[in-house]
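In what follows, a structure is listed as structure tokens, so that the remarks can point back to it.
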Amino acid sequence: MTFSQRHIAYVINAVILFGVAGIVLTSENSHSSAETKTRVEESKHLYGPGDVKEGYDSPDYTTKTLDLQKRIGKEADLLQFVSNPPLGLPDVPVPEDNPVTKEKVSLGRKLFFDRRLSINDTFSCAICHIPEQGFTNNEIQTAVGVEGRSGKRNAPMIYNVAYLEIIFHDGRESTLEQQVWAPFLARNEMANPSIGYVINKIKAIPEYKGLFEQAFHGRGPTMETVGMALSAYQRTLNSADSPFDRWHFGKQEDAVSEQVKRGYELFNGKATCNACHLIHDDYALFTDNQLHNTGLGYLASMGVTTKTTRVQLAPGVYADLDNEVIKSVSRPKENDVGRYEVTQNPNDRWKFRTPTLRNVALTAPYMHDGSLHTLRQVMEFYNQGGVPNEVLSPLIKPLGLTDQEMDDVVAFMMSLTGSNVGTLVADAFAAPIGDISKDDPNWAHEKNIK
Amino acid sequence: MKKKAISKAKWMQSIITFTCVLFVSVVGFQSTAMADETCMSPYMAKIVGQEDYVYVWTLGVEGMGDGQDKLVTLSVNPEADTYGKIVNVLSVGGRNEAHHSGLTDDRRYLFAGGLDSNKIFIFDVHTNPGKPTLHKVITDFVEKTGGMVGPHTMYALPGRIMVTALSNNVDHGGRTGMAEFTNEGDFIAAHWNPTDEDLRGAEKVGNAADGYGYDIRALPRRNVMITSSFTGWSNYMMDFGQMLGDAEAMKRFGNTVVVWDLHTRKPKKVFEVPGAPLEIRCAWGSNNNYCFTTTALTSKIWLIYEDEAGEWQAKDVGEIGDPSKVPLPVDISITADDKGLWVQTFLDGKTRFFDISDPFAPKQTYEHEIGSQVNMISQSWDGKRAYFTSSLLGSWDKTGEADEQYFKLFTWNGKKLSHEFTVDFYELKLGRAHQMRFGAYSLYSQKPNSSGVMLSQTK
């Protein structure tokens, strides 16, 4: 993709994204204009990084930086999104032994934003799954964990994880309750040395006193209850009732533009996206919960490396850096063979799970390694037929879409932002961020440190 | 290894004494001390003559030695038996991303920050300058400041330390601020940097008000404080090579310099200075109302100056090396006479001397390769000694053979640098050598006797 193409794609994304936020606002609010204005101001914080970088490609880039002191939250009744999921979603699957309750959700939310639950008090779940960034991280391609250790994958969104049948990009986990222990213990995520370490730390932090007992009929923090609380919170983050849902399931003709309708036709027709990103008759999760090889992982593992890399230095300023120079400051990069790493089956090489496309406008950069920056780039990738390799999915082939058609499908994906995103993000802003205080356990708090 | 000290001409010394006493009296200090490395707060007590020790804030390396950060004390007085040797190693626990450190105005305590753990270690360097001890650890920097992450510059103000931050606890990005502590390490106040949404009364002069932070310097005689801007936690902790290949990450660098009102701590002007302006060094001359900064990514020298109308301005005044090759200028150091600026370029391991007699037209007049990589420099007030260390950031340093970690002393005769000694920090299993601060017995009216036990000395 050339510079100008990429730039245009960015502008398109920005315009459409803003449009989506606008739609949500007007639909949620029909009060006085002063109120509308403050709502618009607030909304800027809810639908993207506060450090706004749109247009950074251009030398004329102007900051529109939002202020952290104005990132103000508002608690919401999250349970409604479980008992009565937004339009376009099926019933929320809830495990029999872990019903979602108010106490559990509020405890799980507290845990999710607690940076003390890592070896050095610097990492919460929310540091990688940032609420206003689609509960992912828009600012880096692949995750960085404790002590700056590299992860090889892009942090996925937490919206609608209640519906996941297989968890992680390679589908290696099966329940949310179990999943939480992977980031807690991974050396390149929260780096806790053991399960007991996490449990003991929670027990020693005064703010948690009694909270587990209240939520779990007298049971304190255990490997199980920590997983259950976090899952209960995550299970409430169900988001739909998007312009698409209102049009498609709600039969509101004017809920989306003509372009979105054309994009929908292409998605289910010429572009064959629905072969994997499924839309059912009465709901849509946009995933088949299966794993496929699109060739992107193959390219990263097997592709030929170039001599130079284009690096941006400032707005509109680039340099082509010699890759030898980059190598001199690079630690070894981990390879990623996808599903194969779970099954050891060579037919599973470079297979990744089909992600949902709900709220996809908010979750750039895209794919398991964050290597595609815009939805337009994703469209170009599919249009060229992915990257051919011996185990490429037979469902991936050149599509022959025109520029206009690709833009139409992008517009369709932009119409998938749920109406309750603002509510969920504002609620997340209201959650206390757990940072170490003098009352918490730390060797440096002992009386005589010498 | 022991080398002879460069004997100073008597008249030189008295000129320095005179200027410093003059200067000190201008800023209203009773101290009779003088002479110091050149990049410190003007509020700070000064070292008399030769420094005895250099404190090196050192990053622990996983799998090497005890694997944790440490304050390494080197003996650097040529008169001492221990000259050129490490005399003390104080491990502090954890790899905190040790980075910068700064002394209190009375120079009794050294504050040293961890960009990752957000801890600030306060060392007692006055009880025994040759054997610093850990006095206190601030663990609640993030909580106390309301969400600032990455304590960076520790800058002495009267009775206080101003700590700039690099990031925040919400998105680990670049929006941040700075916070004030007492010399005892008690939190006083937080000041968030100006952003578009809340400029806090400042004027946005260019296209940028990004709220990023990095260094701070004050010009008390102009009631001015100046801050620069780097990048957030996600970038400064990320593998350097990985970041260069991550187009999203590369958009997250600071492009601003802010001029503040020193007394009210209110921002006045936000300048657009693209490409990560890092260290700020202000001129010492009483009529030289300007400071320099260099941009790490775009390799430029910028002058932040007060014009004839009394307005502060920012101007691009020169290039460092070949900007298209991204030499990555890092630490800089101004000479005491405001005539020279040392600039280290990390990727080619060079130090470069710029003649800044005309601050609007810096000219490079000398360069020398210090090692395979170089970051920090500290020079003595008379400019004759320049100490260098190697580490930039734990995840940004070079890898393999090129990852040399050292402390080196060079002498400077105005024309060329001569190597005096090197201490290899990897050979000694210490880690990555980062920032240096000087210590001296003269500061505390102390002198070691022959057995190394300190005696009180009346002046």
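Read-outs throughout are calculated quantities, based only on the coordinates presented, and are distinct from any laboratory measurement. Because the structure is predicted, anything quoted here is derived from the model rather than measured. Here the Cβ is made from the backbone with ideal geometry for all residues, glycine too, and neighbour counts use every protein chain on show.
So the values come out like this:
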quantity: For region B:55-94, the Rg and Dmax computed from alpha carbons only, in angstrom; calculated: 11.8, 36
quantity: Peptide A:370-377, shielding by other chains (average Cβ, 10 Å cutoff); calculated: 1
quantity: The protein assembly as shown: C-alpha pair distances exceeding 49 Å, %; calculated: 23
quantity: Whole-number Å³ per residue for the convex hull built on Cα positions in region A:337-381; calculated: 81
quantity: Residues of type aspartates and glutamates that residue A:447 reaches as a straight line, Cα spacing below 18 Å, ignoring anything fewer than 8 places off in the same chain; calculated: A:439, B:124, B:140, B:184, B:186
quantity: Lys pairs under 20 Å by Cα in region B:315-384, provided they are eight or more residues apart or on distinct chains; calculated: 9
quantity: Neighbour-limited loop hits for chymotrypsin sites (Phe, Trp or Tyr not before Pro), region B:337-433 (at most 13 other Cβ within 10 Å; DSSP other than H, G, I, E, B); calculated: B:360
quantity: Region A:285-401, relative contact order [Cα under 8 Å, separation at least 6], %; calculated: 32
quantity: Computed Rg/Rh of region A:326-450, alpha carbon atoms with Kirkwood Rh; calculated: 1.15
quantity: Centroid-to-centroid separation of region A:373-425 and region B:188-267 [C-alpha atoms, Å]; calculated: 37
quantity: Computed over region A:238-341, Cα set: Rg, Dmax in Å; calculated: 21.1, 58
quantity: Overall form of region A:162-246 per C-alpha gyration tensor (a/c, 1.5; a/b vs b/c); calculated: oblate
quantity: Region A:279-345, relative contact order in percent, only Cα pairs under 8 angstrom and at least six apart counted; calculated: 26
quantity: Assigned charges on the beta-carbon of Lys, Arg, Asp, Glu; the protein assembly as shown dipole about Cα centre (debye); calculated: 2680
quantity: Gyration tensor (alpha-carbon) shape descriptor, chain A, a/c threshold 1.5; calculated: rounded
quantity: Shielding of A:144-153 by partner chains, average beta-carbon count, 10 Å; calculated: 6
quantity: Under 16 Å from residue A:64, Cα to Cα: lysines that are on another chain or at least 8 residues apart; calculated: A:44, A:53, B:204, B:251
quantity: Anisotropy class of region B:265-362 from Cα gyration tensor, a/c 1.5 cut; calculated: oblate
quantity: Two-decimal ratio, region A:229-295, of alpha-carbon radius of gyration to 2.2 N^0.38 Å; calculated: 1.34
quantity: Within-11-Å neighbourhood charge of residue A:399 [Cβ basis; K, R +1; D, E -1]; calculated: 0
quantity: Debye-sum result for region B:25-167 in log10 I(q)/I(0), which assumes one identical scatterer on each alpha carbon, at q = 0.09, 0.12, 0.20 Å⁻¹; calculated: -0.29, -0.52, -1.27
quantity: Shielding by partners, peptide B:208-216 (average Cβ within 10 angstrom, other chains); calculated: 3
quantity: Value of relative contact order over chain A, rounded to a whole percent, pairs C-alpha under 8 Å and six or more apart; calculated: 24
quantity: Label-zone membership for region B:93-130, site residue B:186, 7 angstrom Cα→C-beta point, backbone N under 20 Å; calculated: B:104-112, B:120-124
quantity: Loop GluC sites (Glu not before Pro), region A:368-417 (other Cβ atoms within 10 Å of the site Cβ: 16 or fewer; DSSP); calculated: A:390
